[in-house]
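> Dropping the structure in here first, questions after.
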């Protein structure tokens, strides 16, 4: 039986594993994973200092390989990711939409996941570009689209970026540990101290919080943007 295709469009290299690493673990034998990283740059990070673009690309490749996925890098194979991390608000939106359209048309996914809008303008720019790329007149539209979350959404103050989940993926202790293993091994530059939302302990605590909502030990939360049955 042919596997359904899942496309994850990510503004930043670690967005996906933080939001849906458990989903990727739980369904790796059912779905075929496709990844699109929009931006990666040299970045001076608060917790570790300078992290180079190449290091971020190498980490992302390890992540794609970990889930036996396919990495879309643009129609010519070298346009993405853009060297615009932290500055997508200044990048031409029409080009951003075009890259998202290319990723969607190249994959023709059954299911698509994208980071929702937030206080980080990169998240919002990519989200809006994906929504434009899947407008009703688009050539290719997946039958299911879900908004994925980042634990730092808790700081959202704009109603347009408030995350209200309606779909949960239940996780066992084993699945959560596998998610954390991927985060630890593939994204060493992104691990924060234990008091941070984006530490291993922070991710575990957030999974427990979503698990309480879903009446299970751990969970990941999603918001349905589109579902056609």
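Just so it is clear, none of the values below were taken in a lab; they were calculated from the coordinates. As the structure is a prediction and not an experimental result, all values here were calculated from the model. FYI the Cβ positions are ideal-geometry reconstructions off the backbone, even for glycines, and counts take in every protein chain you see.
> State whether the stretch 116-229 is rounded, prolate or oblate according to the following rule on the C-alpha gyration tensor (a ≥ b ≥ c being the square roots of its eigenvalues): a/c under 1.5 gives rounded; otherwise a/b larger than b/c gives prolate, and the remaining case gives oblate.
It is prolate, given that a/c is not under 1.5 and a/b is the larger ratio.
> Next up: Stretch residue 170-residue 185 to full length: gain in nm at 0.36 nm per residue minus the Cα-Cα span?
Result: 3.1 nm gained on full extension.
> By how many nm would the segment from residue 29 to residue 213 lengthen if fully extended, with 0.36 nm per residue of separation less the alpha-carbon distance?
Once the chain is fully extended between residue 29 and residue 213, it gains 63.6 nm.
> Here are a few candidate values for Cα Rg over 2.2 N^0.38 Å: [x] 1.07; [y] 1.16; [z] 0.95. Which one was actually calculated from the structure I just gave you?
So the calculated entry is the one marked [z].
> Is the stretch 138-183 best put as rounded, prolate or oblate by its Cα gyration tensor, with a ≥ b ≥ c the root eigenvalues, rounded for a/c under 1.5, and otherwise prolate when a/b is larger than b/c, oblate when not?
Since a/c reaches 1.5 but b/c is at least a/b, the shape of the stretch 138-183 is classed as oblate.
> Of all beta bridges DSSP finds with both residues in the stretch 4-227, what is the antiparallel percent, to the nearest 5?
40
> Relative contact order of the stretch 23-131, please, whole-number percent, based on alpha carbon pairs below 8 angstrom and at least 6 residues apart.
This gives 25 percent for the stretch 23-131.
> If r is the Cβ-Cβ distance from residue 55 to residue 79 and R0 is 22 Å, what FRET efficiency results, to the nearest 0.05?
Efficiency, rounded to the nearest 0.05: 0.60.
> Determine, for each peptide in 91-97, 179-185, 31-37, 13-19, the mean count of other beta carbons within 10 angstrom over its residues, then list the peptides with the highest first.
Top to bottom by mean Cβ count within 10 Å: 13-19, 31-37, 179-185, 91-97.
> If we sort 50-59, 158-167 on the protection proxy, mean other Cβ atoms within 10 Å, highest first, what's the order?
50-59, 158-167
> Which stretch or stretches of the stretch 209-229 have amide N atoms under 20 Å from the point lying 7 Å from residue 131's Cα along the Cα→Cβ direction?
222-228
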